[in-house]
Amino acid sequence: MIPAYKTDHRETIYDALGTKEFELFLDEIRERARANEFDGQTFISQDVIEKFKKFGVYRALVPNSLGGDELTAAQFCEVIEEISRADGSAGWVASFGMGIVYLSALPLETLKTLYADTPDLVFAGGIFPPQSADVTEEGYEVKGRWKFSSGCMGADVVGVGIAPKEGDKMGLPRMAVMSSDKATIDKTWDTVGMAGTGSHDLVVDGVTVPESWSFVRGGASNLTEKMFRYPSLSFATQVLAVVGLGVARAALDELQAMAAGRASVTGAPNLGQRPITQVEVAKAEAELRAARSFFYESINEAWASLEKGEAVSKEQTNLLRLSSTHIARVSAEVARKVQLLSGMTGIYKASPLARFVNDAQVVTQHAFMGDITWQNAGAIFFGQDPLPGYL
């Protein structure tokens, strides 16, 4: 039975794309003052998180049975792409609307409890490094520090990586889930890119987490909808890689706006009238669109298998990972090319171009998009096994 609050949803976040209300919201977070606000405080402001809730970012992938909107993988990625086009950090934080994919490995009764009040649940995780947790009759004694918990400042629920310890015996790595008020946030996030993501450290000091509120990391989902048969590691990679795509598109938008009737300070033709700029921007446009097509084509082919009741193949999963690394790298190259074409304008703080470059580069630094992806993808091409953890 679908909870009563499901009927309150006038539209999904995907339906909202292109509407006047959503465009006004994107225009707001695109403003330089908001970007400076996010970067200066090193997290996305709560009013933006509340807007994400209102539009349905956090319920987008939650199944109908739990009151959510049950979007497809491609639909969710398109949403994150558009938010990232307005602000990279906001898009990165919004991407963790995929939290239900992680949480779906919890027991069904726990999931029902977790989503009993609302499907608009904000989740943030700190997986690494896994911390030793003693096993007791009540569950796991959780304590330690975990890095890179993006969006933790606005989270309702957090998860942390643990290594259960019973005497000298260590269990499989798990994620322990608890309300956010049981963790302390240490504001350690100080970076040159994606500064507004609030990827701070989570600190937990002696919290008992029942076994039913934990799950084996990488364990099978307890939900049966198509989203939960889609390769979860690949999807976690895709929702981050697509942030770079949105940022690169924003850089091209900015270059186009700069060229519109603006004369050079040296008296040279404006940007749009320079042959070299015309050539290079055309190449950038083609490269970005080609990478985007590969990215979404890979998603749609995998989803088509699920629609037919088939499992996503190893080869299809490989393309999900490969296209993600590819789009992250191409997006970063396009953002940098735009900055080069902008001349001196691109180095001023008043221009967003340097921020675009830094944000796009951060995406390439994520472990999911590391150089090892190329090696693993190449191994599968030759019929060999990739390294553990790739698929």
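The values are calculated or read from the model by the stated rules, or taken from the named source; none is laboratory data. In this text, all values refer to a predicted model and were calculated from it rather than measured experimentally. When we count neighbours, we look across all protein chains shown, and the Cβ atoms used for this are built from the backbone with ideal geometry, even at glycine.
Computed values, structure above
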| read-out | value |
| --- | --- |
| Pair list, Cβ < 6 Å and 6+ apart or interchain, from the range 358-380 residues that are assigned by TED's automatic domain parsing to the domain that holds Ala236 and over 14 Å from Val330 (Cα atoms) to residues that are surrounded by 22 or more Cβ atoms within 10 Å (Cβ to Cβ) and of a type in the set (Val, Ile, Thr) | Phe368/Thr237; Thr373/Thr325 |
| Filtered residue count, the range 217-237, keeping only those that are modelled with pLDDT under 95 and either under 19 Å from Ser179 (Cα atoms) or among the hydroxyl-bearing types (Ser, Thr, Tyr) (or both) | 1 |
| Residue within the range 98-114 that is surrounded by fewer than 23 Cβ atoms within 10 Å (Cβ to Cβ) and of a type in the set (D, E, K, R) present | yes |
| Residue in the range 332-366 that is surrounded by the most Cβ atoms within 10 Å (Cβ to Cβ), counting only those that are among the polar types (S, T, N, Q) and over 21 Å from Arg32 (Cα atoms) | Thr364 |
| Among (1) under 30 Å from Asp190 (Cα atoms); (2) crowded, with 20+ Cβ neighbours inside 10 Å; (3) aromatic (Phe, Trp, Tyr) - the single one Phe295 does not satisfy | (1) |
| Ala304 exposed (fewer than 13 other Cβ atoms within 10 Å of the Cβ) and in a helix (DSSP H, G or I) | yes |
| Where a residue in the range 125-148 is in the same structural domain as Val207 (by TED's automatic domain parsing) and modelled with pLDDT under 95 and its partner, wherever it lies, is among the small types (Gly, Ala, Ser) and not in a strand (DSSP E or B), with Cβ under 7 Å and at least six apart | none |
| Some residue of the range 140-154 being among the charged types (D, E, K, R) and either outside any strand (DSSP E or B) or on the phi > 0 side of the Ramachandran plot (or both) | no |
| Residue within the range 267-277 that is free of Cβ contacts under 8 Å to residues at least 60 places away in the same chain, of a type in the set (D, E, K, R) and either part of a helix (DSSP H, G or I) or surrounded by 16 or more Cβ atoms within 10 Å (Cβ to Cβ) (or both) present | yes |
| Residues (within 23 Å of the chain's Cα centre (by Cα) and among the acidic types (Asp, Glu)) located in the range 271-314 | Glu287, Glu297, Glu301 |
| Residue under evaluation Val192, criteria (1) out of contact with any Ser or Thr (no Cβ under 7 Å at 6 or more places or on another chain); (2) modelled with pLDDT of 95 or more; (3) under 29 Å from Ser89 (Cα atoms); (4) surrounded by fewer than 23 Cβ atoms within 10 Å (Cβ to Cβ), criterion not met | (2) |
| Residue ID - surrounded by the fewest Cβ atoms within 10 Å (Cβ to Cβ), chosen from residues in the range 155-165 that are small (Gly, Ala, Ser) and either touching a residue at least 60 places away in the same chain (Cβ under 8 Å) or assigned to a strand (DSSP E or B) (or both) | Ala163 |
